[in-house]
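The numbers here are math on the coordinates, done by the rules we state, and not lab data. Note that the structure is a prediction, hence the values are computed from the model and not measured. Here Cβ is always computed from backbone atoms with ideal geometry, including for glycine, and neighbour counts include all displayed protein chains.
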Amino acid sequence: MTDDTATELTLQQAAAHLGVHYMTVYRYVRLGMLPAHKDGATWRVTREDLAQFDLGRGTGPTTRTAGHRLSAPWAARLEARLLAGDGSGAWSVVEAALASGAGMEQLYLDIIAPSMVSIGNLWATGEIDVGEEHRASGVVMRILSRLGPRFTRPGRNRGSVLLAGAPGEQHSLPVSMLANLLTGDGYAVIELGADVPSSSLARMAGTVQRLLVVGVSVTTPGLEPNVREMVAAVHQAVPDVPILVGGGAIGDEEHARTLGADGWAGNARDARILIDALAGNACH
């Protein structure tokens, strides 16, 4: 018997309401299509969320675009699983997006990145705790680790790219995501992660063979003095190697150049275009 006054339902009750098998509802939840939360060991769905989901089933949450790819609110679905700390469900969303026709660039820049930006905004406004934000970041790092081998390309690389987060920068995800994409583009990528001391980056730059460019990620505001020091140290170590600075805390190219950088990338797509241009120039 279902209590018609209950504001939340179990997955079995939700399945009965929708007229589908329990495992079908479970799949909806794990793909982020139907919001749910765990109460102990039991998944629960609010009546409001169930009604919204049922209302949308007529047209379906997934439709075909003119390019014959399946489009869906993948970023929102992934965000829901990340906020729940559901690593398995988050991976299921990623696999479903890839199966629908999403390429790796789309997966990284239009699905994973927006979901993490949204979660970061929720933390910044106090809607979630920093622990929840860190938990989501941990799930995404595991996803990136699983996706990483898919970017490996055979043959000689196009040259080396050195990536690091500025001193004081605590976010390593932007560096890891760009590293994977550049690896897929055929570069040898040396990824140092977040909060790298200026002297360490400069020392590493001096040892890298066929170094095309150094990229510095800055998503945390107020790190300009650190970035300026880092750029100067790297320029001294490898004066002929351009340094790109980018990230949410760097507003535009003028901002980057005031820090001593040779170029600015507003996002990973721009970074790839700039690095490809530099690689082309290095060949001539």
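Could you check the stretch 140-171 and list, in sequence order, the residues that are buried (at least 21 other Cβ atoms within 10 Å of the Cβ) and either in a helix (DSSP H, G or I) or at positive phi (or both)?
Across the stretch 140-171, the qualifying residue is only VAL140.
Residue pairs, Cβ under 7 Å, 6 or more apart or interchain, first in the stretch 13-29 and without any contact (Cβ under 8 Å) to a residue 40 or more places away in the chain, second assigned to a helix (DSSP H, G or I) and of a type in the set (D, E, K, R). List them.
LEU18/ASP54
In the stretch 172-190, which residue that is assigned to a loop (DSSP other than H, G, I, E, B) and either surrounded by fewer than 21 Cβ atoms within 10 Å (Cβ to Cβ) or among the polar types (S, T, N, Q) (or both) is farthest from the chain's Cα centre (by Cα)?
Residue satisfying both the conditions and the ranking: GLY186.
If I filter the stretch 108-132 down to residues being crowded, with 18+ Cβ neighbours inside 10 Å and without any contact (Cβ under 8 Å) to a residue 40 or more places away in the chain, which single residue comes out as farthest from SER176 (Cα to Cα)?
Among residues in the stretch 108-132 that are crowded, with 18+ Cβ neighbours inside 10 Å and without any contact (Cβ under 8 Å) to a residue 40 or more places away in the chain, the one farthest from SER176 (Cα to Cα) is GLY120.
Being over 19 Å from GLY248 (Cα atoms) and over 24 Å from the mean Cα position of the chain (by Cα) narrows it down to one residue among VAL213, VAL208, VAL161; which is it?
Exactly one residue qualifies, and that residue is VAL208.
Okay, residues lined up against (1) in contact with a Cys (Cβ under 7 Å, 6 or more places away or on another chain); (2) of a type in the set (Val, Ile, Thr); (3) within 21 Å of ASP195 (Cα to Cα); (4) free of Cβ contacts under 8 Å to residues at least 40 places away in the same chain:
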site: PRO225; (1), (2), (3), (4): no, no, yes, yes
site: VAL231; (1), (2), (3), (4): no, yes, yes, yes
site: ALA237; (1), (2), (3), (4): no, no, yes, yes
site: ALA249; (1), (2), (3), (4): no, no, yes, yes
site: ALA261; (1), (2), (3), (4): no, no, yes, no
